[in-house]
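For reference, the structure is listed below as structure tokens.
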Amino acid sequence: MTAHMKHDQPDERNVLDHMAQGIIGKSLDRPEGLLKVSGTATYAAEYVIDGCLEGVIVTSTCARGKVTSIDKQSVMSMPGVVDVINEPRMIARPAQGTANEAPEHKVGEIHYWGQPVALVVAETIEQARDAAKNLVIEYAPALAEFNPEDVVPEPQPDGTNEGDLNQAMEGADQCVDLTFTTEGHASAAMEPHAAIAQWDGKMLTVHASLQMLNYNIAELADALKLKQSQIRLISRYVGGGFGSKLGISEEVVAASVAAMVLDRPVRVVMSRQQVFQTIMRRSETRQRVRLSAKADGTFTGIGHEAVVSNLPGEEFAEPVTQSTDFLYAGDNRIMQIAVARIHRMTAGSVRAPGEAVGMPALEAAIDELAEKLGIDPIELRLRNLPDKHPVEGTPYSSRKLAECLTQGAKSFGWKKGKRTPRSRREGEWWIGTGVASAARVHNVGEAKARVTLRDDGTALVETDMTDIGTGTYAILGQIAGEMLGLNPDAVDVQLGDTKHPRGPGSGGSWGAASIGSAVFLACEAIRKELAGRAKVKAEKLTLKDGQIGTGKFSLPLTELIGGKSISVIGHYEPGAVEKNFVASGYGAFFAEVAVNHWTGETRVRRMTGAFGFGRVLNAKTARSQCIGGMVWCIGSALTEALHFDPNDGHLVNCDLAEYHVPVHRDIPDLDVIMVEERDPVASLIQAKGIGELGMCGGAGAIANAIYNACGARMHAFPMTPDKVLSAMPD
Amino acid sequence: MKNFEYAGADTVERATMLCAENGTKAIAGGTNLIDLMKLQVETPARLVDLNSIDDRRIEEEEGGLRIGALASNTAVAVDQRIRSDYPVLAKAILAGATQQLRNKASVGGNLGQRTRCFYFTNIDQPCNKRDPGSGCGALTGVARIHAILGASRHCIATYPGDMAVAMAALDAQVELSGLANKSRMVAVRDFHRCPGYTPELDNILEPGELVVAVHLPAPVGGTQLYRKVRERSSYAFALCSVAAIVDVKRGKIARADLAFGSIAPKPWVDQRLTQLLVGEKPNMALFEKAADILVDGARGVGDNDYKIPLVRRTLIATLCEATEI
């Protein structure tokens, strides 16, 4: 049985609020948490498979050109070497998120330094690594541009141009016209990209670390020219994805090809360096932000224009202006993105593509405008919240931005009034505060999940949806448990296996809302079936702790099931509400920083994030997502940057010692406020996406706090000590 | 990783004999060497494991302390005598790496720690230190972490460590043992070398020669500081660092022993600073003059130009803190 719904109308019933179990939203532990912290959760590369060979990817040492020869004989006699594979089925770039087909670029044509060109397969990983380093490859290199500043960027077709921004700027009482830069970012997930492929002549089974199996199976089938029914993908646990595992990447296809060619299981694990050099980066950006305002702070214009980069042939362009589009008022608007075609590795989705770098620039510009206007920066934002989409006129589905700004300010202890830099010093340290708004568009995807109420009174949830560390196992147990009157430990959630119904995949923060809606639909149908069996209306049903109540009688659920388990596939489909409403998560960041007068070192002393993202499904995992996002804010504000060699375009800082994500000592206590909200448009469970919102703007709050602390106004992220020192007044 | 032979040595004599052979590397904690072997930056044919040698003690000796080369960084940093008499050393060690790495890393190995230069650690790039004659990728490449003093046009890599910087300020001595039990003492300040035309040689060790111990001189007191500037507050190599032992008596500077990290191929000591400072009344103009002397002759290649004002300011800040002005 299938329970299908297309989301054409807002669902204001808030069904989950009227259930009896009382577990939805509760701060519950993840069911798989103990396995993870005790090292007993099995990740993709950790399956023990007899006779498994080890493959090591060989990557190019030039940024553009052709492979003219690969001398297999240079390594075939080395101990343990089984084969060198460089056939056309292999892929040279990762697939973009939701591509649903294999990348077309092949391993013989080089488009970036570090591109896979071959796979060396040997009996042990050490042998394979050694042979990979010794493989003699000849290239015919071609000239390549590496620096986005050196090429003329191509404007994207879908910009916004309303009114006359230039005129608005000229006629403004105050305006700012600023250019910000952000550097490239890496996802830097803890678990490197890895796959083990097994081929039995008919069926390919691949353990991989992937975020969206529903798309990945199509991508892999396309690469290998197999039918999807010949492939089983398994990703039960994913040690962080952050966008880098949205599409299939090179190791999945390489392991599969090798297993099929050699008729033996093959494992391919990327080295840490390869993960940095070969997997998606977030593009660096150059952003021009223009704001014009009347003396009372009313915006008359907003301009946000960004240059980003990608390889030739890639459609993805970091959507920098995505939330600027609808966040603030102003009749005269320009939003435009242009892409510089350069030969660095593929640019793609890294956590919160667009807002992660666009919001900090916008929010830092607003801080400068507030200073010029002499208006408190929170007040300035509050004065410019439109009551509908500023261009399209569509209503907001729900928006708690004002509440986030005011509740966050109260909790943080924000002092209204004139803000003068360098007004607080403790020893060598300048102390300052800053604020920024958060926004991240809300997305949903088509999703299916099977829920079975078994005759022993427990429930089973099955979908190929993944849990990339976000808490999917926990929240699906809570949704099913709430709807069916079961404790979460009576709900067995099985994820990350394409033998189950297709979920939406984890990406774009849409996972919980989409798959949660599918599980919800299945459970609603089960409740209906139970009501039928009990001969009452579904609304009269009370399910709690494995007991069923009808208002007239109460009995154990197992009695009503009576050996006839109920199995329903919930099928959620996004619908008309998507275009009839603007749906987004909102929030506000508050940061207090200390900047060293002598060295320019900046440390975040405390940070508050207040967020409104619809219904909270699990307060603990939701809070963890927010904290994770805020940690990323600190990284992107202060340290994270990919550095590319200007001569040959290779990525130089390609490990976790030299690509500086924040460490524990960089992270103070982070205060997270979740503003209660129900969003009838966002999903059938009134929840919006959470995973990315927590990093959409916070780097701007930190930049604003640095200025407030020491008077250094910077427009280049990350704000490392060298930049702080050169911008700091004497 | 290349195949290699593994040999254990339980005496210094046996270890030096084995290490004298071509292609042999000594291993203690392995926190640096094993990473480099995986990258095939280091490709020893044989590893000689020193861990069976019974010399990880920290012992008092006439006027000072002797630290066995196999003592872990953690053991040194938590030793009560070192914490009270040589706090600059404890502070420097604790400023480096992570607890897990410090537990494993040895004193001798830490002195031999190799550079973090991005071109040294990538075997597909030119590097005169790794592959003499191949060129220097950093000179025209990404050089944020590179040297502003003591470099040559063949190599601008820095010595990245913290511990040795404090040892240089303390003027500690390194005890070396070579073939046929030949021992010698070298000042930590003279142990590492500037690249000149031979950047492949990080230090003055002869073939087979091993660090056996580090000798700390008698405690000198004073205010001892280690200030390390970095982008993040842990697990990051210094942008620059200053080890300072400063004593003020009757209003005048009686001692000013200074060493600097991550700005040169070796822990950088400039005696002119000591000569300038000692005997003077601490004041800002004096410190600025000292800082000017330090960076007199410093040169960046673009990316690392910021280190010149940075180390200048860091020195001034350290002297202010040490003299409480």
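The values are calculated or read from the model by the stated rules, or taken from the named source; none is laboratory data. Keep in mind that this is a model prediction, so the values were computed, not measured. Virtual Cβ from ideal backbone geometry, glycine too; neighbours counted across all protein chains shown. For accessibility, only protein heavy atoms count, side chains too; no ligands or nucleic acids. Shrake-Rupley method; radii C 1.70, N 1.55, O 1.52, S 1.80 Å.
For region A:292-303, the condition of being under 24 Å from A:Glu183 (Cβ atoms) and not assigned by TED's automatic domain parsing to the domain that holds A:Arg713 holds for at least one residue. When B:Gln80, B:Gln100, B:Gln113, B:Gln173 are checked against the criterion of being of a type outside the set (Gly, Ala, Ser), under 20 Å from the mean Cα position of the chain (by Cα) and over 26 Å from B:Val12 (Cα atoms), B:Gln100 stands alone in meeting it.
Does any residue of region B:125-147 turn out to be out of contact with any Gly (no Cβ under 8 Å at 6 or more places or on another chain), acidic (Asp, Glu) and either open to solvent by 10 Å² or more (accessible area, probe 1.4 Å) or away from chain A (no Cβ under 14 Å) (or both)? Looking through region B:125-147, at least one residue is out of contact with any Gly (no Cβ under 8 Å at 6 or more places or on another chain), acidic (Asp, Glu) and either open to solvent by 10 Å² or more (accessible area, probe 1.4 Å) or away from chain A (no Cβ under 14 Å) (or both). Restricting region A:567-583 to residues that are in a strand (DSSP E or B) and open to solvent by less than 10 Å² (accessible area, probe 1.4 Å) leaves a set whose member that is farthest from A:Asp679 (Cα to Cα) is A:Val568. Screening B:Ala236 on (1) at pLDDT 95 or above; (2) surrounded by fewer than 19 Cβ atoms within 10 Å (Cβ to Cβ) shows it passes everything except condition (2).
Can you tell me which residue within region A:693-705, out of those that are in contact with a Leu (Cβ under 9 Å, 6 or more places away or on another chain) and part of a helix (DSSP H, G or I), is surrounded by the fewest Cβ atoms within 10 Å (Cβ to Cβ)? Here the answer is A:Ile702. The set of residues in region A:36-78 being part of a helix (DSSP H, G or I) and either closer than 30 Å to A:Asn310 by Cβ or acidic (Asp, Glu) (or both) consists of A:Ala44, A:Ala45, A:Glu46. When A:Glu126, A:Glu87, A:Glu149 are checked against the criterion of being over 30 Å from the mean Cα position of the chain (by Cα) and either among the hydroxyl-bearing types (Ser, Thr, Tyr) or not in a loop (DSSP other than H, G, I, E, B) (or both), A:Glu126 stands alone in meeting it. If you check A:Gln96, A:Gln115 for being within 14 Å of another protein chain (Cβ to nearest Cβ), touching a residue at least 12 places away in the same chain (Cβ under 8 Å) and either within 24 Å of A:Leu224 (Cβ to Cβ) or in contact with a Pro (Cβ under 7 Å, 6 or more places away or on another chain) (or both), only one passes: A:Gln115. Please enumerate the residues belonging to region B:1-51 that are of a type in the set (Lys, Arg) and in contact (Cβ under 8 Å) with a residue 40 or more places away in the chain. Passing the criteria: B:Lys2, B:Arg46. If I filter region B:244-254 for residues that are buried (at least 24 other Cβ atoms within 10 Å of the Cβ) and within 14 Å of chain A (Cβ to nearest Cβ), do I get at least one hit? Among the residues of region B:244-254, at least one is buried (at least 24 other Cβ atoms within 10 Å of the Cβ) and within 14 Å of chain A (Cβ to nearest Cβ), which makes the answer yes.
Given the condition closer than 30 Å to A:Ala538 by Cβ and either surrounded by 13 or more Cβ atoms within 10 Å (Cβ to Cβ) or within 14 Å of chain B (Cβ to nearest Cβ) (or both), answer yes or no: does some residue in region A:35-54 qualify?
Let us first name the residues in region A:35-54 that are closer than 30 Å to A:Ala538 by Cβ, namely none.
Looking through region A:35-54, none of the residues is closer than 30 Å to A:Ala538 by Cβ and either surrounded by 13 or more Cβ atoms within 10 Å (Cβ to Cβ) or within 14 Å of chain B (Cβ to nearest Cβ) (or both).
Checked against (1) in the same structural domain as A:Ala255 (by TED's automatic domain parsing); (2) open to solvent by 40 Å² or more (accessible area, probe 1.4 Å), A:Gly97 meets all criteria but (2). Of all residues in region B:301-325, those that are within 11 Å of another protein chain (Cβ to nearest Cβ), surrounded by fewer than 24 Cβ atoms within 10 Å (Cβ to Cβ) and not in a helix (DSSP H, G or I) total 4. Looking at region A:456-472, is at least one residue over 29 Å from A:Ala44 (Cα atoms) and either at pLDDT below 95 or part of a loop (DSSP other than H, G, I, E, B) (or both)? Yes, the conditions are met somewhere in region A:456-472.
Scanning region B:1-38 for residues being in a strand (DSSP E or B) and either open to solvent by 40 Å² or more (accessible area, probe 1.4 Å) or within 14 Å of chain A (Cβ to nearest Cβ) (or both) gives a total of 4.
If the condition is being open to solvent by less than 10 Å² (accessible area, probe 1.4 Å) and not in a loop (DSSP other than H, G, I, E, B), then region A:476-510 contributes A:Leu476, A:Gly477, A:Gln478, A:Ile479, A:Ala480, A:Gly481, A:Glu482, A:Met483, A:Leu484, A:Asp497.
Look through B:Ile253, B:Ile245 and report the one residue that is over 27 Å from B:Pro160 (Cα atoms) and in contact with a strand residue (DSSP E or B) (Cβ under 9 Å, 6 or more places away or on another chain). Quick ask: steps written out before the conclusion?
Numbers: B:Ile245 fails: over 27 Å from B:Pro160 (Cα atoms).
Step by step, each of B:Ile253, B:Ile245 is checked, and only B:Ile253 is over 27 Å from B:Pro160 (Cα atoms) and in contact with a strand residue (DSSP E or B) (Cβ under 9 Å, 6 or more places away or on another chain).
Only one of the numbered conditions (1) closer than 30 Å to B:Leu70 by Cα; (2) under 19 Å from the mean Cα position of the chain (by Cα); (3) crowded, with 16+ Cβ neighbours inside 10 Å is violated by B:Pro217, and that is (3).
What do you reckon, is A:Tyr237 of a type in the set (Phe, Trp, Tyr) and either crowded, with 24+ Cβ neighbours inside 10 Å or in contact with a strand residue (DSSP E or B) (Cβ under 8 Å, 6 or more places away or on another chain) (or both)? Give the derivation first.
Numbers: of a type in the set (Phe, Trp, Tyr): yes; either crowded, with 24+ Cβ neighbours inside 10 Å or in contact with a strand residue (DSSP E or B) (Cβ under 8 Å, 6 or more places away or on another chain) (or both): no.
No.
Here A:Asn647 fulfils each of the conditions (1) buried (at least 22 other Cβ atoms within 10 Å of the Cβ); (2) of a type outside the set (Lys, Arg); (3) without any contact (Cβ under 8 Å) to a residue 40 or more places away in the chain apart from (1).
From the set of residues in region B:107-123 that are of a type in the set (S, T, N, Q) and more than 11 Å from chain A (Cβ to nearest Cβ), which is farthest from B:His215 (Cα to Cα)? Talk me through it step by step, then tell me what you get.
As a first pass, look at region B:107-123 and keep what is of a type in the set (S, T, N, Q): B:110, B:113, B:115, B:121-122.
Subset that is more than 11 Å from chain A (Cβ to nearest Cβ): B:110, B:113, B:115.
Working: B:Asn110: 15, B:Gln113: 19, B:Thr115: 24 Å.
Restricting to residues being of a type in the set (S, T, N, Q) and more than 11 Å from chain A (Cβ to nearest Cβ), the top hit is B:Thr115.
Kindly evaluate A:Met203 against the criterion of being away from every other protein chain (no Cβ under 14 Å), of a type in the set (A, V, I, L, M) and open to solvent by 10 Å² or more (accessible area, probe 1.4 Å). Here the answer is yes, as A:Met203 does meet what is asked.
For region A:61-70, the condition holds for no residue, the condition being that it is open to solvent by less than 70 Å² (accessible area, probe 1.4 Å) and without any contact (Cβ under 8 Å) to a residue 60 or more places away in the chain.
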